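Everything below concerns the one structure shown next.
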Amino acid sequence: MDSPQIVISASPHLHSDRTSKKIMYDVVIALVPAFLVSLYVFGFNALITTSIAIVSCLLFEFLIQKYLMKSEVTITDGSALLTGILLAFNVPAGLPIWMIIVGSLAAIGIAKLSFGGLGFNVFNPALVGRVFLLVCFPVQMTLWPLAVVNNTSIADAVSGATTLGIIKEGLQFGQTMGELSSQIPSNMNMLLGITGGSLGEMSAIALLLGGLYLMIRKVISWHIPITILLTMAVMTGVFWTIDPEHYANPIIHLLSGGAILGAFYMATDMVTSPMTKKGMVIFAIGIGLITVIIRFYGAYPEGISFAILIMNAFVPLINSYFKPRRFGSKIKAKIM
Amino acid sequence: MLKTFSKGGIHPPENKLTSAKDIKRLPAPKVVYVPIAQHIGIPAEIIVDRKDKVEIGQVIAKSGGFVSSNIHSPVAGTVTKLDMIIDSSGYKKQCIVIRTDAKNETNFQEIDYPLKKEIDLEPAEIVKRISDFGIVGLGGATFPSHVKLNVKEDKKMDCLIINGVECEPYLTADHRLMLEKGEEIVVGIKILMKALHVNKAIIGIEDNKHDAVELFKRLTANEKQIQVAALQVKYPQGGEKQLISAILDREVPKNGLPMDVGVVVNNVGTVFAIYEAIQHNKPLIERVVTVTGKKLKNPSNFWVKIGTPIKDLIEEVGGMPEGTRKIINGGPMMGKAIKNTDVPVTKGTSGILIVDEDEACRGEVKNCIRCGECVNVCPMGLEPHLLMNLSEKGMYEKAAQEDIMTCIECGSCSYVCPSNRPLLDYIRFGKNITKQLASSKN
Ligand code: SF4
Ligand code: SF4
């Protein structure tokens with residue numbers, strides 16, 4: 001028998017049913033609870049901002065790949081969709097539509113495709129989009145709509161400030177944490193997401209739920225998110241213990257300023273994080289430290305976006321330094 | 001917690017369709033095709049000629065050197081041709097064609113010897129017999145067994161490990177053999193312990209073969225020197241280095257051999273062949289083969305004469321199913337795809353796997369998303385994505401520095417890659433070039 005139907009290929013002849021597409025869509029699923037919370041909190045604005053970001057990311061990827069790069073169009077692989085959602089989650093709900101489009105162009109065009117597309121980018125595309133906007137339009141990017149429950153109309157949006165913003169400004173004007181406490185939301189509200197901030201960063205509970213889903217589905221491991229949060233908790237904890245009047249407590253730090261969104265969804269982006277578990281821990285410690293330093297001494301109250309982008313730049317170095325231990329490199333006492 | 005090896009590993013669907021099926025003995029085929037290169041090392045040299053009459057078990061090709069092996073006639077009959085035929089490697093190889101003598105009744109005897117426990121031969125005689133009787137590693141590596149038993153003076157052996165892991169999905173040849181020939185295998189283990197002068201042996205069996213674990217625990221209950229280790233189910237635990245790591249927590253050094261950590265590993269099939277050779281004077285002329293696949297009518301385990309064309313086995317299980325896309329000699333992780341079912345069973349054939357469209361086709365190759373999964377699962381602690389990249393770019397020296405040569409070709413990396421990257425294809429390619437470069441330098 002020698003039939004043309006028979007194919008020859010080298011082993012292995014089996015493949016697991018995990019694909020990169022499934023991984024991307026798993027992350028999308030994980031983000032649904034947080035999106036629902038922001039729909040509840042910001043109403044229609046959340047829907048519009050997210051839709052615009054998704055559509056423009058997909059469209060830019062399509063246009064650039066088809067007409068500029070003349071390469072294969074990969075908009076169905078889920079990665080541009082995810083970038084769109086994450087970009088929306090990182091800007092204030094109700095940001096002017098054209099700014100969202102500019103941010104999408106920065107994310108897809110500059111951060112992803114100009115590096116060669118999915119897998120070749122050094123920096124997290126959604127964060128590049130966010131930081132680009134923050135630098136170009138600092139006023140609009142920090143115009144936080146006040147969390148008004150059941151706000152269904154865009155016109156109702158009132159500008160407020162984020163928890164960390166209030167603290168940073170208050171401390172600069174000589175107030176103490178005690179005096180500021182009445183202005184900052186309760187821990188419970190921060191946990192639930194009834195607070196000011198970027199579209200998708202507020203509800204710790206919803207984000208943690210999605211994070212748990214990603215861990216169960218083995219899309220992410222605990223190494224990056226938990227290490228980041230621990231590092232931040234330890235460092236802010238030390239300062240707070242020494243001087244509680246001038247430093248916010250670790251709970252406030254972890255529950256605000258996008259720490260959880262950053263730790264679970266932005267820093268864990270596979271393309272821009274290290275390969276080995278050891279490398280991941282180093283990367284995550286770096287992010288935690290830089291975030292806290294920026295929060296204490298920098299110009300921006302949140303900091304984690306910059307911290308992740310800075311550590312993204314170190315990933316190639318981390319990968320070449322923290323290699324997996326080769327089997328057979330540990331010589332044990334042999335004969336018993 | 002059951003024991004397992006230290007790094008990496010995967011758990012593909014087991015699909016052991018034939019684990020409850022007795023090993024059935026097939027009658028000798030009308031014609032056998034016996035290749036002279038069935039083992040790792042130097043091919044054997046043919047010592048028969050056309051028209052010669054041969055007896056069952058007669059040497060028809062002589063070992064070509066130390067790392068080589070004798071080949072015996074699996075049937076009684078007449079040599080009709082010395083021919084070049086395509087073997088499982090896909091290349092034409094020299095082969096002895098023997099027409100079975102239909103009247104010769106040894107061809108039809110079911111050989112089931114009574115158990116013989118006393119070991120009469122001395123260590124040196126055992127090793128010589130294993131060499132003379134053409135025993136090679138039956139787990140798939142086909143490394144001549146006597147070579148492993150020739151322990152150099154300066155190496156101290158303290159443990160014999162018996163590989164009953166059978167970590168490849170689908171295959172059940174070793175599992176069935178353990179269940180059906182348990183006592184013989186225990187005697188075989190003692191023969192090897194005598195030959196190696198070791199007083200400790202451990203049988204490693206994955207826990208998905210719980211019946212075999214129980215059986216061996218029972219059979220060795222009164223043997224202080226033989227232990228059974230039930231292991232967590234994880235591929236590639238059947239790899240020598242992984243098995244030693246799982247059972248003894250010793251790591252064979254890079255580029256080293258099991259001997260370097262005081263261990264010799266033998267597969268259960270090999271141990272049974274050694275039992276038959278030493279106790280019953282039977283050379284290696286048949287082996288157990290699992291013929292399996294989801295679409296087959298009657299997947300089975302068979303005792304098969306070496307040299308039997310694979311198509312005979314496929315007939316035996318109900319014929320080639322519609323829509324077959326791949327025929328694999330061996331298991332799905334490390335087996336070789338073959339084009340042609342005229343290929344004969346050799347000493348290394350542990351299974352024949354027939355797969356259809358759904359299982360056979362590789363997905364579309366996408367960009368590496370740097371997820372690190374390949375790194376996570378590599379049992380040798382390598383970075384498959386990097387090695388593929390270096391091979392692709394022709395940077396072989398760099399690849400060698402990154403330990404490309406230590407890859408055991410288990411395929412775990414290609415199995416998990418969510419972007420379907422052909423990691424092992426490129427790593428193999430890189431290894432081959434690196435080998436050629438190294439030999440051209442010498
Ligand atoms: S095939 Fe080689 S590189 Fe790939 S997982 Fe196995 S040992 Fe590692
Ligand atoms: S598993 Fe595939 S996609 Fe992931 S790092 Fe390895 S090669 Fe890249």
(request) Please identify the pairs in which a residue from the range B:421-442 that is in the same structural domain as residue B:409 (by TED's automatic domain parsing) has its Cβ atom under 6 Å from the Cβ atom of a residue that is of a type in the set (Val, Ile, Thr) and buried (at least 16 other Cβ atoms within 10 Å of the Cβ), counting only partners at least 6 apart or on another chain. (result) B:430/B:404; B:431/B:404
(message) Residues that are of a type in the set (D, E, K, R) and within 14 Å of chain A (Cβ to nearest Cβ): does the range B:299-310 have at least one?
(response) no
(message) Test of understanding: among A:276, A:268, A:272, A:236, which residue is more than 12 Å from chain B (Cβ to nearest Cβ) and among the polar types (S, T, N, Q)?
(response) A:236
(message) I'd like the full set of residues that are touching a helix residue (DSSP H, G or I) at 6+ places or on another chain (Cβ under 7 Å) and either in contact (Cβ under 8 Å) with a residue 60 or more places away in the chain or within 7 Å of ligand 2 (Cβ to nearest atom) (or both), limited to the range B:376-387.
(response) B:377, B:378, B:379, B:380, B:384, B:385
(request) Could you pull out every one of the strands (runs of 3 or more DSSP E) wholly within the range B:40-120 that has 2 or more residues that are polar (S, T, N, Q) and in the same structural domain as residue B:147 (by TED's automatic domain parsing)? (result) none
(message) Looking at the range B:245-274 only, could you name the residues that are polar (S, T, N, Q) and either surrounded by fewer than 21 Cβ atoms within 10 Å (Cβ to Cβ) or assigned by TED's automatic domain parsing to the domain that holds residue B:408 (or both)?
(response) B:255
(message) Could you go through the range B:376-388 and let me know if any residue there is polar (S, T, N, Q), surrounded by fewer than 17 Cβ atoms within 10 Å (Cβ to Cβ) and more than 23 Å from residue A:8 (Cα to Cα).
(response) no
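Restricting to the range B:2-14, count the residues that are over 14 Å from residue B:206 (Cβ atoms) and either more than 14 Å from ligand 1 (Cβ to nearest atom) or away from chain A (no Cβ under 14 Å) (or both).
Restricting attention to the range B:2-14, the residues satisfying the condition of being over 14 Å from residue B:206 (Cβ atoms) are B:6-8, B:13.
Retained after the next criterion (residues that are either more than 14 Å from ligand 1 (Cβ to nearest atom) or away from chain A (no Cβ under 14 Å) (or both)): B:13.
Looking only at that region, the number is 1.
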(message) Which of the numbered conditions does residue B:348 fail, given that it passes all the others? Conditions: (1) over 26 Å from residue B:25 (Cα atoms); (2) open to solvent by 10 Å² or more (accessible area, probe 1.4 Å); (3) more than 16 Å from ligand 1 (Cβ to nearest atom).
(response) (1)
(request) Give the range B:393-420 a look and list any residue that's away from ligand 1 (no atom under 11 Å from the Cβ) and not aliphatic (A, V, I, L, M), or say none. (result) B:393, B:394, B:396, B:397, B:398, B:401, B:418, B:419, B:420
(request) Return only the number of the condition from (1) within 16 Å of ligand 2 (Cβ to nearest atom); (2) farther than 19 Å from residue A:323 by Cβ; (3) away from every other protein chain (no Cβ under 12 Å) that residue B:435 does not satisfy. (result) (1)
(request) Quick one: which helices (runs of 4 or more DSSP H) lie wholly within the range B:201-280 and hold at least 1 residues that are in contact (Cβ under 8 Å) with a residue 60 or more places away in the chain and within 24 Å of residue B:181 (Cβ to Cβ)? (result) B:240-248, B:268-280
(message) Would you confirm whether or not the range B:327-347 contains a residue that is in contact (Cβ under 8 Å) with a residue 40 or more places away in the chain, closer than 30 Å to residue A:124 by Cβ and not assigned by TED's automatic domain parsing to the domain that holds residue B:170?
(response) no
(request) Check the range A:104-120 and report whether any residue there is without any contact (Cβ under 8 Å) to a residue 12 or more places away in the chain, part of a helix (DSSP H, G or I) and small (Gly, Ala, Ser). (result) yes
(message) Taking the conditions exactly as written (touching a residue at least 12 places away in the same chain (Cβ under 8 Å) and over 22 Å from residue A:172 (Cβ atoms)), does residue A:274 satisfy them or not?
(response) yes
(message) Checking residue A:184 against (1) free of Cβ contacts under 8 Å to residues at least 40 places away in the same chain; (2) open to solvent by 10 Å² or more (accessible area, probe 1.4 Å), only one condition comes out false. Which one?
(response) (1)
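The values are calculated or read from the model by the stated rules, or taken from the named source; none is laboratory data. Keep in mind that what you see is a predicted model, and the values were worked out from it rather than measured. No Cβ is skipped: glycine too gets one built from the backbone with ideal geometry, and neighbour counts run over all protein chains shown. These area figures cover heavy atoms from the full protein model, side chains too; ligands, DNA and RNA do not enter into them. Shrake-Rupley method; radii C 1.70, N 1.55, O 1.52, S 1.80 Å.
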